[in-house]
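Written below as structure tokens is the structure these notes are about.
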Amino acid sequence: MRWAWAFAVPLAALPAAGDAQLDSAKSLSFVKRDGRWTSIPLLCDSTNRDRAIVLGAPGQGGQMDLIAFAKPALTAQRMVVRLGLGDPGAGQIYYPLLNLAGGQIGNVHAINPGMVEAGATTPAVVSITLGKQTTNCRFVAQTRVLAITGRRSIQVVRTERNGYRYTSYNFDSELPEIVQPGGGQDTQASLTIDGGRLVDQVGGRRTYEFANRGFVYRVMVSVEPTHPGGGVEVTQGSRTIVREAFGAYTAALR
């Protein structure tokens, strides 16, 4: 079964997705730890640091796990925070990050989705600041999938003229930041393939396919809340060249 390797054991129920302030009605996000998937409000794939950050679902007293995954091994560092109320101003929204004593230790910076000209399909979070360190977050309009594996970040975006676009960002490469039109931010890609297609859509499971120089790239993702998972594989004819499961991902519902 093509999908089996990309999934943990399906769960009957998952924790709620997170603080309503950061919830997106257009996407779902998940992280896999200890072989189990958990729903989260957001995944920040950094464009200026060798890390990815996830903000976990709120628990007792509004406490939330903030987990930084170091690239490439995705080793995790965890701290417990609370998220304050958003303070909007001129389309920019800052959510304070608080320690358990109530002191502010940073913030989550988002932009109003209405400011994204081509349309925001995933949470419009552009940075997370902790102390004096700011982690910029990968964000592109019309994103369908944003994911991390143990070796690279993967993104699938819907374009106006070229179908779906596949981009990958290898963790062992120095990739300078670039600004995307319409309020987004990104880095130069290790690989870009245009002309992709949505070739399979059964329930909440989707497969995007891309052809490049005799190789076929497939990005598989689930938006089924009780059966999350996904991964990327590269084949040449009948040979599987690459097969990597996601460690965390965000996927648009449409």
Residues of region 71-90 that turn out to be on the phi < 0 side of the Ramachandran plot and within 15 Å of the chain's Cα centre (by Cα), as a count: 1
For region 203-211, does any single residue satisfy the condition of being within 30 Å of Gly84 (Cβ to Cβ), in contact (Cβ under 8 Å) with a residue 60 or more places away in the chain, within 19 Å of the chain's Cα centre (by Cα) and crowded, with 20+ Cβ neighbours inside 10 Å? no
Hits in region 71-85 (condition: open to solvent by 30 Å² or more (accessible area, probe 1.4 Å) and touching a residue at least 12 places away in the same chain (Cβ under 8 Å)): Lys71, Pro72, Ala73, Leu74, Ala76, Arg78, Met79, Val80, Arg82, Leu85
Pick from region 157-172 the residues that are open to solvent by 50 Å² or more (accessible area, probe 1.4 Å) and within 21 Å of Glu244 (Cβ to Cβ): which of them is farthest from the chain's Cα centre (by Cα)? Asp172
If a residue has to be open to solvent by 20 Å² or more (accessible area, probe 1.4 Å) and assigned to a strand (DSSP E or B) to count, how many in region 130-156 make the cut? 6
Kindly evaluate Ala57 against the criterion of being under 25 Å from Pro225 (Cβ atoms), assigned to a strand (DSSP E or B) and open to solvent by 10 Å² or more (accessible area, probe 1.4 Å). no
Gly150 passes all but one of (1) within 15 Å of the chain's Cα centre (by Cα); (2) farther than 22 Å from Pro72 by Cβ; (3) not aliphatic (A, V, I, L, M); which number fails? (2)
Give the residue, chosen from Ala110, Ala70, that is within 16 Å of Val54 (Cα to Cα), touching a Lys or Arg at 6+ places or on another chain (Cβ under 6 Å) and not hydroxyl-bearing (Ser, Thr, Tyr). Ala70
Filter region 217-254 down to residues that are open to solvent by 40 Å² or more (accessible area, probe 1.4 Å) and part of a strand (DSSP E or B) and give me whichever is nearest to Leu74 (Cα to Cα). Arg243
Unmet criterion (only one of (1) under 13 Å from the mean Cα position of the chain (by Cα); (2) without any contact (Cβ under 8 Å) to a residue 40 or more places away in the chain) for Gly229: (2)
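The values are calculated or read from the model by the stated rules, or taken from the named source; none is laboratory data. This one's a predicted model, so the numbers in the text were calculated from it and none came from an experiment. All Cβ positions, glycine included, derive from the backbone under ideal geometry; neighbour counts span all protein chains shown. Quick note on the areas: whole protein, heavy atoms, side chains included, nothing else; ligands and nucleic acids left out. Shrake-Rupley method; radii C 1.70, N 1.55, O 1.52, S 1.80 Å.
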